[in-house]
Amino acid sequence: LAKTTQPISMDSYEGQEVNITCSHNNIATNDYITWYQQFPSQGPRFIIQGYKTKVTNEVASLFIPADRKSSTLSLPRVSLSDTAVYYCLVGVSEDSNYQLIWGAGTKLIIKP
Amino acid sequence: DTGVSQDPRHKITKRGQNVTFRCDPISEHNRLYWYRQTLGQGPEFLTYFQNEAQLEKSRLLSDRFSAERPKGSFSTLEIQRTEQGDSAMYLCASSLKGPRRGTQYFGPGTRLLVL
């Protein structure tokens with residue numbers, strides 16, 4: 001099972017673009033990369049998922065280089081409400097058990 | 001609201017008592033997961049069901065913990081003879097089987113405090 005490494009914390013300011021990078025050196029061929037957001041006293045919320053290159057949705061973009069050993073979550077024009085913990089996870093292929101390994105995540109603090 | 005509900009949202013109990021939590025997943029999801037989360041840590045996997053079958057159970061899960069999903073729909077997690085170390089947020093998530101199983105949808109959690 002692939003383990004991920006991400007910064008413990010980051011600060012930024014409203015209106016800025018925030019990039020959070022995650023390392024996953026032992027990602028397997030069939031693994032997808034998934035990012036979650038969690039606010040205090042709530043369950044994690046799915047943000048975005050990708051396999052390679054770039055994925056964009058209404059809230060974020062995910063950049064994955066060709067070797068897939070890292071990924072970068074990009075949050076455009078953050079606001080105070082983006083203050084949360086962000087988790088990067090890699091999954092396993094369809095036929096194997098799917099036990100996600102969650103690290104401590106990146107605590108993102110957005111300042112006014 | 002993700003569509004996954006958990007009950008109760010909060011539970012305070014005395015050490016040694018039994019507690020049971022319920023999770024109602026998104027109806028078409030055949031996979032259901034239980035996690036435990038303590039302050040400042042990421043969720044810790046406890047167990048996982050595909051339909052009614054419990055396919056995996058964490059080695060960290062002691063014999064005091066048991067989970068069921070009798071009809072492949074809702075699930076219950078029971079903790080017997082609770083200990084203060086069991087105090088945590090218990091999270092339930094559900095997903096579809098498929099290549100994108102990373103898309104787990106989480107409930108709001110049940111916060112347990114053992115006195």
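Annotations
- Label-point separation in nm, residue A:19 to residue A:107, each point 7 Å along Cα→Cβ: 2.5 nm
- Alpha carbon convex hull of the protein assembly as shown, projected area averaged over orientations, nm²: 12.1 nm²
- Judged by the mean number of other Cβ atoms found within 10 Å, the most tightly packed of the peptides B:78-90, A:3-15 leads the ranking B:78-90, A:3-15.
- Label separation (residue A:53 vs residue A:69): 2.3 nm, computed from points 7 Å beyond Cα along the C-beta direction.
- Rg over Rh for region B:43-113 works out to 0.96, using Cα positions for both radii and the Kirkwood form for Rh.
- Most simply put, the protein assembly as shown has about 85% antiparallel DSSP beta bridges, counting only bridges with both residues inside it.
- Annotation: Cα Rg of region A:2-112 relative to the compact-globule expectation 2.2 N^0.38 Å equals 1.03.
- Under 15 Å from residue A:52, Cα to Cα: aspartates and glutamates that are on another chain or at least 8 residues apart: A:31, A:67
Since every read-out is calculated from the coordinates, none of them should be taken as a lab result. If you're wondering where the values come from, they're calculated on a predicted model, not measured in any experiment. Glycine also receives a Cβ, built like all others from the backbone with ideal geometry; neighbour counts cover every protein chain displayed.
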